[in-house]
1. I need the helices of the chain that pass two filters: whole DSSP H segments spanning 18 Å or more by Cα along the axis, and mean Kyte-Doolittle score no lower than -1.0.
2. Which whole-number percentage describes the relative contact order of segment 108-216, with Cα contacts under 8 Å and a sequence gap of 6 or more?
3. May I ask you to derive the relative contact order of the chain, considering only C-alpha pairs under 8 Å and at least 6 residues apart, and to give it as an integer percent?
4. Setting aside same-chain residues fewer than 8 positions from K200, which aspartates and glutamates have a Cα under 20 Å from its Cα?
5. If packing is taken as the average number of other Cβ atoms within 10 Å across a peptide's residues, how do 62-71, 190-199, 88-97, 133-142 rank, most packed first?
6. Rank-order 33-46, 117-130, 72-85 by packing density, defined as the average count of other C-beta atoms within 10 Å over each peptide's residues, highest first.
7. How about K99: which lysines have a C-alpha closer than 25 Å to its C-alpha, ignoring those fewer than 8 places off in the same chain?
8. How big is the antiparallel share of DSSP beta bridges in the chain, given as a percent to the nearest 5?
Amino acid sequence: MGSVALEAFLDRTVEPPIRGFLHRPASPAGDALALTHSAGSNSQSPLLIAVAEALAESGMTVLRCDLPFRQVRPHGPPGPGSVARDREGLRQAVEALRKIVPGQVFLGGHSYGGRQASMLAAEDPSVASRLLLLSYPLHPPRRPTQLRTAHFPQVRVPALFVQGTRDEFASLEEITAALRLIPARTKLLVIEGAGHSLAKEIPSVAAKVSAAFRQFIR
């Protein structure tokens, strides 16, 4: 990471509390991103670390944070009653970043985390200036009719979607069709050969995501 600093970021003064890691760039550009994890992971995900480091090297402050459900349970998926609290946790993370940087604050996540970020943006378009959605879980594997797009027509925050060509939660054709439901500007970054985890050559994936997102926010 060179001169990019990484430090624990804990704030127990808000509810739900914020827990994660803050990447401070050597030469801050003034903007920040709150980035969170999938249903089966946490903020120590290798993908999140790599994306955060790549963006920090470009000047962006990044908070990769644990969702409230993960703070309560170290393992296992979120429960059916945790989604509202998880979205509120993302809101608190964004508000914390607003106190740190003078510029725009963005919101993003991998899979479940990205879905909650998009749902929060649908509820409140002022929550973030842009969205970064890694492997959006469009439907459960092998259940293409159970679409998770009911909120898409209310998403009025520009969003960059990153999808692997082997993602069992959404084919490229399916995600392309779904993006037409979103009235805000969208862009799709395709990662050839990658599955839902985007774990194929993570450093290369992180570099592509960083470059595409920096271009997207201009």
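None of the figures in this text is laboratory data; all of them are computed from the coordinates on show. Model, not experiment: these values are computed from the prediction. In this analysis, Cβ positions are derived from the backbone assuming ideal geometry, glycine residues included, and neighbour counts consider all displayed protein chains.
1. Values: long enough: 83-98 (23 Å, -0.69); 202-216 (20 Å, 0.71).
Passing helices, by number: 83-98, 202-216.
2. Working: 199 pairs, mean separation 26.4, N = 109.
Reported relative contact order: 24 percent.
3. Details: 478 pairs, mean separation 37.0, N = 218.
Over the chain, the number comes to 17 percent.
4. E53, D167, E168, E192
5. Values: 62-71: 25.6, 190-199: 16.7, 88-97: 22.3, 133-142: 20.6.
Descending mean neighbour count gives 62-71, 88-97, 133-142, 190-199.
6. Highest to lowest by the protection proxy: 33-46, 117-130, 72-85.
7. none
8. Values: 12 of 36 bridges.
Of those bridges, close to 35 percent are antiparallel.
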